[in-house]
Amino acid sequence: MNFKVFAIIPSAGMGRRLGGVKKNYLELLGKPILTRTLAIFEASPLITGIIVVTAKGDTDLVTALCKEHKIKKITEVVEGGAERQDSVFAALKVLPSDANAVIIHDGARPLLSPSMVEEVISGVRKSKAVITGVQPKDTIKKISVDELSEVVTVSETPKREFLISVQTPQGFDAEILKDAYEKAKEDEFIGTDCSSLVERAGHKVIVIPGSYENIKITTPEDLRLAESIIVSREVDLA
């Protein structure tokens, strides 16, 4: 059986913490962040096609960038919506009917390893719904706020071994994901990520280890860190 996997890459963020610049078009060591991300899926023999979701008015720009950087697996470039959930739903509407699985990955995470793509797809084939994540390095506190005084106090200190910081890629059986998004749309429910909609639809979501290097670029500090990681990887390969 030919197991067809499509990658959906939300790339409609406005980059408010980067001074309002659309972060996915910023250059990272000479290449746009977005095309660095897309190149990972382009190179994977397990990926059938790629759907990119852009900000309003950017479809021609993204199409041109993909052509310039030889990203040939693009099947659709579509405009996103007001929320990330709307953007992914827009991509699901143009997902080919013969897709078996979908991988969702942030356009602003260009340091994903090819091996993680393979692990997520393997997990989807076994368990239908998979997310990646890392354990927090810092202690996490649950807080409460007094409505009158606005004083913030600690209400709970969860054990770190029972917490993860969720990343992308997230992978799902195509029909399960589409059904979860349809139900959320009907109920006007907005989730925090794709997996929250799948959980809500009653499906078990498996967690596999992510990577501390798989950062999402949202600040100037993240850009500098990403540059250092890429340089370090190139040194290791030399």
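All of the numbers you see were taken from the coordinates with simple rules; none came from a lab. The structure displayed is predicted, hence computed values, not measured ones. Glycine gets a Cβ as well: all are built from the backbone with ideal geometry, and neighbour counts include every protein chain shown.
Determine how many Å³ per residue the convex hull of the Cα atoms of the chain encloses. Before the final figure, lay out each step's value.
Values: hull volume 38.5 nm³, N = 238.
Convex hull of Cα atoms, per residue: 162 Å³.
Want the number for SER228 to LYS183: 0.36 nm per residue separation, take away the alpha-carbon distance, what's left? Provide the component values of the computation, followed by the final result.
Working: separation 45, 0.36 × 45 = 16.20 nm, distance 4.22 nm.
Full-extension gain reported as 12.0 nm.
Are there any helices in the chain, counted as whole DSSP H runs, that stretch 15 Å or more along their axis by Cα and score at least -1.0 on average by Kyte-Doolittle, and if so which?
Numbers: long enough: 33-43 (16 Å, 1.24); 114-127 (20 Å, -0.06); 174-187 (20 Å, -1.20); 220-237 (26 Å, 0.05).
Both cut-offs are met by 33-43, 114-127, 220-237.
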**Prompt:** Could you put GLU83, GLU199 in order, starting from the residue whose Cβ has the fewest other Cβ atoms within 10 Å?
**Reply:** GLU83, GLU199
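Can you tell me how much longer the chain between ARG160 and GLU68 gets when fully stretched, taken as 0.36 nm per residue apart minus their C-alpha distance, in nm with one decimal?
That pair, ARG160 and GLU68, stretches by 28.7 nm at full extension.
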**Request:** As a check on your grasp of the helix formula, calculate [θ] at 222 nm for the chain: sum -39500 (n - 2.57) over DSSP H runs of n ≥ 4, divide by the residue count, round to the nearest 500.
**Result:** -11000 deg cm²/dmol
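Between ARG200 and LYS137, what is 0.36 nm times their sequence separation minus the Cα-Cα distance? Round to one decimal in nm. Write out the running numbers ahead of the final one.
Working: separation 63, 0.36 × 63 = 22.68 nm, distance 2.79 nm.
Gain on stretching ARG200 to LYS137: 19.9 nm.
Checking the table LYS67/LYS178; LYS22/LYS137; LYS67/LYS93; LYS67/LYS126; LYS23/LYS56 against a 26 Å threshold on Cα-Cα, which pairs fail?
Details: LYS67/LYS178 29 Å; LYS22/LYS137 29 Å; LYS67/LYS93 24 Å; LYS67/LYS126 35 Å; LYS23/LYS56 15 Å.
From the list (LYS67/LYS178; LYS22/LYS137; LYS67/LYS93; LYS67/LYS126; LYS23/LYS56), the Cα-Cα distance tops 26 Å for LYS67/LYS178; LYS22/LYS137; LYS67/LYS126.
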